[in-house]
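To start, the structure under review is shown below, and the notes come after it.
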């Protein structure tokens, strides 16, 4: 079983210790590693082999934190439930320590108890356990187009670690990773996010997340019009600019096609009473500390008076015409009633062209 631990540079591992009067095989304890670096929360293994004089019988073996006394680590309340001992016929003896904590940073010793009271042994120098956590070292912010290096740091050296990087909780597979470094070349706004690292075999033990901020000029600038479509003369219209930028946009400036001077500023630009002169393409320019960018042109269409106005005017003219017609007709009717009727009993006189005397055409 392999643990995620790291040893110091190789040191002499054989320690030959002899007791007075012992014959044959001598006392010795070998530790596979004299210094182990383990991640906080991981599981670590400490391994040792031992020999003893042939005339002695081993009654008990265990690991301890004190080389001068007898306390068995498995009986210590602090370690109860977290330690296990393993041994075999070849005199290999191992300690498994689970859920490693910072307070576990001690020197661990292998102790042997024999059938002779005075013949008991502690293997020195023991195993030094160091506990570390992963943390990301990186700039807090970077400007778009620059490079950035993120480093996964530990306070001691792990054994042959394979570093894994995460962005917003998901593994990174497309970025350049070398040893414990993540290299971001030509940073873009998409590289902003929360970064953490872990070590293969203990992926559940992530480092504390590091937030990387990317500064960039305005982009994705758009202009919306309310109301949209054709605009009726005399009505109002509002043009609103929006943009993606970090830091946020400081200034919005409005331009109209064919004009060199701006027609307005601010995120919202309102035309309170639109006329035909306002028809055309409008642009929005956004600016922050890292640059400026202009939007595509947005057309504002002018439309004459609405159809309902023409209908109202037409109806009004028709009603006036009908009214005048009725008035004139009534006056004409009254005028006819006041004229004399040719069929009445009054005589009608005619004048002779020769004598210039009147005569009656229809005497009674």
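Could you tell me which numbered condition residue 118 fails, if it satisfies all but one of (1) surrounded by 13 or more Cβ atoms within 10 Å (Cβ to Cβ); (2) assigned to a loop (DSSP other than H, G, I, E, B)?
In the conditions (1) surrounded by 13 or more Cβ atoms within 10 Å (Cβ to Cβ); (2) assigned to a loop (DSSP other than H, G, I, E, B), residue 118 misses (1) alone.
Could you say which residue among 100, 131 is under 44 Å from the mean Cα position of the chain (by Cα), buried (at least 19 other Cβ atoms within 10 Å of the Cβ) and part of a loop (DSSP other than H, G, I, E, B)?
When all the criteria are applied, what remains is 100.
Looking only at the stretch 53-84, how many residues end up being out of contact with any strand residue (DSSP E or B) (no Cβ under 6 Å at 6 or more places or on another chain), under 24 Å from residue 202 (Cβ atoms) and surrounded by fewer than 17 Cβ atoms within 10 Å (Cβ to Cβ)?
Looking only at that region, the number is 3.
If you check residue 109 against the conditions, is it closer than 18 Å to residue 48 by Cβ and in contact (Cβ under 8 Å) with a residue 40 or more places away in the chain?
Here the answer is yes, as residue 109 does meet what is asked.
Working only within the stretch 204-219, note down all residues that are more than 30 Å from residue 131 (Cα to Cα), surrounded by fewer than 18 Cβ atoms within 10 Å (Cβ to Cβ) and within 15 Å of the chain's Cα centre (by Cα).
Residue satisfying the conditions is 213 alone.
Please work out which residue is surrounded by the fewest Cβ atoms within 10 Å (Cβ to Cβ), limiting yourself to the stretch 153-182 and to residues that are in contact (Cβ under 8 Å) with a residue 24 or more places away in the chain and in a strand (DSSP E or B).
The selected residue is 153.
If residue 151 satisfies every condition in (1) within 30 Å of residue 49 (Cβ to Cβ); (2) touching a strand residue (DSSP E or B) at 6+ places or on another chain (Cβ under 9 Å) but one, which is the exception?
With (1) within 30 Å of residue 49 (Cβ to Cβ); (2) touching a strand residue (DSSP E or B) at 6+ places or on another chain (Cβ under 9 Å) applied to residue 151, the lone miss is (1).
Computed from the coordinates by the stated procedures, all read-outs in this text should not be read as laboratory data. Bear in mind that the values here come from a model prediction, so they are computed numbers and not experimental data. Virtual Cβ from ideal backbone geometry, glycine too; neighbours counted across all protein chains shown.
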